[in-house]
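These notes are about the structure you will find just below.
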Amino acid sequence: MRHILFTFLLIVTVKVAIGQPGTGTPSRNDHIFPSAPKAKPFIDYDERGFLINGKRTFIASAGMEYARVPRALWHDRLLRLKRAGFNAIEMYTFWNFHEPKEGQFNFTGDHDLNAFLQMIKRMGMYAIVRVGPYYCGEWNLGGFPIWLKVNPQMRVREDNPLFLAAVDRFFDKLIPIVANNQIDHGGPVIMVQLENEHRAAWGTVTPNDYFKHLIDKTVALGLEVPYFFSGLHSGNDPAGDWSSLDDPARPNPWFSTEYWGVWFLHYGPQPQDSAIYDRRTWKIIAHGGNGYNVYMAHGGTNFDYNNDRDMAASYDYGASVGQAGDLRPIYYSFKRANWFARSFGDILENSIDGADNKPIVSDSMIKVTARKSPAGTLTFLDNPDSIGIQFKLNAPVNSKIQSSSAIKLAPGEIMPVVQNYQLLPQVKLIWAPTRIYSIIPQGNTTTLLIYGAADSSAQLYFGVAGKAKITRGISNFKMLDGILSFSSVILPSSPAEYSFVVDNQRIRIIVVNDQLASRSWFAETGGQTNIIIGPAYAADLISNNNKLNLITEQAWLDKSKYPGWVFKPVGAVIKISPKNVPVQHLTKLKLGAWQTKDASDPALPHYDDKNWKQSNDPLQMGADGDITAHAWYRTKMKVKETGNYTLRFTSIKDRAELFLNGKRIDTGEIFNKTQHIHLKAGTDYLLAVFTAHDGRNKLIFKVGEIDTIDAKGLTGPVTLQLADGKGPVAKIDKWLMSGGDPHDMFPGNDWQVLSNKQMSNDKYYRVPLKHNFGSLWIQRVPYNSPQLFRATFNLPILKNSHPVWRVNTTSLSYGSVWVNGHNLGRYPEKIRINGLYIPECWLKPGINKLVIYDEYGSQPVKVAIEAEVAASRDTQTLHF
């Protein structure tokens, strides 16, 4: 849930928290409709957890919109999320992304939902699909197509025949794609959300025929997996202050469909949020949550004209994986929690409050909670204080473990301790007063990756039924009364490996320090998992002629140097030393000479407008079916008396420019609905108005008519009267309008080179514009009319370097940018990032083309192609 006002956000968050762990309000619950019988063996649940293919599974889901990522980068972004331990991907299926014009559906290329779902399946992940028909998401019109909005008979999100017919036509195309990709059909889809943030009902509340229709339609089209209405436990701290999220009245697991991390107003790393979200995530795990979906785990970009009025091109969100694919501090917080929760899913997905079996701590500041299940118990040690705490931890009195461990918790840290967990039929992890990162099955080897501060102690206690043979680190193990104890000092600079074998099954323990824990990765080859430690990011691991090729990345700003260690399922550990390869950190690309083309031709009297939409009064932008952010209006005028006249417009949004016979005549900083013009008697005049907008209202919670909400462009009657008010008020009838993409509207070769004199023209002034909760942004406002500018730039081939390129739009006003024909989105940005991201897949070695459409004709004096140093990274392929 993403609201416009923080105060409103707070109210909603409180309402959700009040409802924890139950219903919230009479029109909401946190229930989920069950699977159809056919799907139950593949995806099912009870009140304690989810079962996927019959196995208790913790769902760590990552929000990523395929509409905000070019198809060529889907694999890269999905892999980054998979490496962070996310096992599911949540997505919106924006209606206007697939049916921008009525009856014209697009499910190909970047719009190919089936291909996206199939890729998720190939990567071994699950999918949660939110099919609408309303979405929100800081997306243009909340996902509604513009043709839906401009129909005055249309009433959305209710039992309106026109709306239901439109929904049905869309669902007839959409739902079969989703249904064919359900897990019981061999696909990845495990859950579906119908509707989104509707005031009338959340969860399984079905208050009217509209909601019943959505169920009947989707089930008829093959929906079989669990589904629900709108969000479940949405919030930036969804576990709140509840010590337990258990609710005997709830028939399904506790799940947060929108765990907000961080927020749409942010860009880039938010170091202070890393510890905050680390704690919030562990609260979910510790208090009985069965899963969460991080919205957004990867934000992406609002390409073309898809932004709503709160955003421009970037939808970075301050997310764990940045708009350009860079990894932020919060990424590693989610990564650690994800891998732990997934490793102990058979406890977390079948547990109750385990308060009767808690360990003993020596400091009363430490809060202790536990989750107990037939598979074992997880005890959570919680330091709610703002300072670190060191204390003694003793095993529960009935555990037969006589140990006292020194534990140190960072401010706000929640540390899990494992008890009585069955690792193998012959081996139980009885007591683990140390931090476990993950348990990784590797064929006949089960690997425990444990971590902690360098030079601190790590301890594990195993119950062994049978003979244990120590195969590595014999001095670190002791056997007493059937309990095999392990202890080790954590090394400051390298991992350490220990192992023992029971009944031909190997338990391997890898011990690393905190820094190496964050730099630990799990990558598959040939159906087996390899553990890679050391690289800042381990991307693809490729098997080639019995050798492995590992592709690694390291941020430009990361100066740390670690070797790499690879722990394969069998064989000795492989140590890899990265090579000192030459790297060129290019930070700016040279632009060729600028050319320009006047884009105000529609203001000329003899411009061909025969195919424009006609009306008596101006119609709102989009009434002609155009989906861009621009529209031109034209009308003819002739007066009987020479004089000064007052021209009055009923409504005009967001910006406008007024032309008379091709010449711009308004001069104010902001277009005024009342304009003064001088007209001569008997002269034929062509009045033209250029309009543009910054993005449409996302229509959150709106039900009913939407045609008059945030109508862009000109709407309503336009009148003309002598300025002295003595003459009659004349209504100007017979208007023509047309929108269109400026990149395609002005073909031809009549481009002119911008001279140095023009490029040095500084005749613009500054005006403060308020965006987003009072943040003050200074924007240059120029003096001319819409212009197109173009230039070329040469992209060299850079080995082992991956600069993230942005078009710096300094000195421009409002508009759009294209690179090699791809629309990067709208500027100026409304968050703190300077320039529009260029996806690397849209660039090519050699000559690339840059086109800018600036609504006021601001000269591209300071436009540049610059590398975003904080997001750029080096790459290297290691062979072993």
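The values are calculated or read from the model by the stated rules, or taken from the named source; none is laboratory data. These figures come from a predicted structure and were not determined experimentally. All Cβ positions, even for glycine, are placed from backbone atoms using ideal geometry, and neighbour counts span all protein chains on display. Calculation scope for accessible area: heavy atoms of the full protein, side chains included, ligands and nucleic acids excluded. Shrake-Rupley method; radii C 1.70, N 1.55, O 1.52, S 1.80 Å.
Side notes on the structure shown:
- Checking each residue in region 661-679 for being in a strand (DSSP E or B) and more than 18 Å from Gly716 (Cβ to Cβ) picks out Lys663, Arg664, His676, Ile677, His678, Leu679.
- Hits in region 13-46 (condition: charged (D, E, K, R), more than 19 Å from Thr206 (Cβ to Cβ) and at pLDDT 95 or above): Lys38, Lys40, Asp44, Asp46
- Under the condition of being in a strand (DSSP E or B) and either at pLDDT below 95 or closer than 26 Å to Arg279 by Cα (or both), the residues counted in region 431-446 number 8.
- Flag if Lys844 is closer than 23 Å to Pro786 by Cβ and either open to solvent by 20 Å² or more (accessible area, probe 1.4 Å) or at pLDDT below 95 (or both): no
- For region 795-805, the criterion of being surrounded by 15 or more Cβ atoms within 10 Å (Cβ to Cβ), modelled with pLDDT under 95 and farther than 24 Å from Leu589 by Cβ is satisfied by no residue at all.
- Some residue of region 404-425 being over 30 Å from the mean Cα position of the chain (by Cα) and free of Cβ contacts under 8 Å to residues at least 12 places away in the same chain: no
- Some residue of region 632-643 being out of contact with any helix residue (DSSP H, G or I) (no Cβ under 8 Å at 6 or more places or on another chain), surrounded by fewer than 19 Cβ atoms within 10 Å (Cβ to Cβ), modelled with pLDDT of 95 or more and under 30 Å from Gln515 (Cβ atoms): no
- Among strands (runs of 3 or more DSSP E) entirely within region 458-537, having at least 1 residues that are open to solvent by 60 Å² or more (accessible area, probe 1.4 Å) singles out 468-472, 477-480, 483-489, 520-525, 528-533.
- Any hit, region 394-407, residues being assigned to a loop (DSSP other than H, G, I, E, B), surrounded by 17 or more Cβ atoms within 10 Å (Cβ to Cβ) and hydrophobic (A, V, I, L, M, F, W, C): yes
- Single unsatisfied condition, Gly124 versus (1) closer than 22 Å to Val262 by Cβ; (2) in a loop (DSSP other than H, G, I, E, B): (1)
- Residues in region 538-576 that are hydrophobic (A, V, I, L, M, F, W, C) and in a loop (DSSP other than H, G, I, E, B) were compared, and the one that is least open to solvent (accessible area, probe 1.4 Å) is Trp556.
- Filtering region 90-106 to residues that are within 16 Å of Ile59 (Cα to Cα) and either in contact with a Ser or Thr (Cβ under 7 Å, 6 or more places away or on another chain) or open to solvent by 10 Å² or more (accessible area, probe 1.4 Å) (or both) leaves only Glu90.
- Output for region 577-625, where each listed residue is open to solvent by less than 50 Å² (accessible area, probe 1.4 Å), under 25 Å from Asn661 (Cα atoms) and out of contact with any Phe, Trp or Tyr (no Cβ under 6 Å at 6 or more places or on another chain): Ser600, Asp609, Trp612, Asp617, Gln620, Met621, Gly622, Ala623
- Scanning region 219-231 for residues being crowded, with 19+ Cβ neighbours inside 10 Å and at pLDDT 95 or above gives a total of 7.
- Hits in region 35-70 (condition: farther than 20 Å from Asp316 by Cβ and charged (D, E, K, R)): Lys38, Lys40, Asp44, Asp46, Glu47, Arg48, Lys55, Arg56
- Considering Asp209, Asp216, Asp241, Asp246, the condition of being free of Cβ contacts under 8 Å to residues at least 12 places away in the same chain, surrounded by fewer than 19 Cβ atoms within 10 Å (Cβ to Cβ) and either within 21 Å of Met64 (Cβ to Cβ) or of a type in the set (D, E, K, R) (or both) is satisfied by Asp216 alone.
- Pick from region 665-691, criterion at pLDDT 95 or above, within 18 Å of Gly815 (Cβ to Cβ) and out of contact with any Gly (no Cβ under 8 Å at 6 or more places or on another chain), ranking: surrounded by the most Cβ atoms within 10 Å (Cβ to Cβ): Val689
- Pair list, Cβ < 6 Å and 6+ apart or interchain, from region 334-353 residues that are more than 16 Å from Ala88 (Cα to Cα) to residues that are among the small types (Gly, Ala, Ser) and open to solvent by 10 Å² or more (accessible area, probe 1.4 Å): Asp346/Ala375; Ile347/Ser373; Ile347/Ala375; Asn350/Ser373; Ser351/Ser373; Asp353/Ser244
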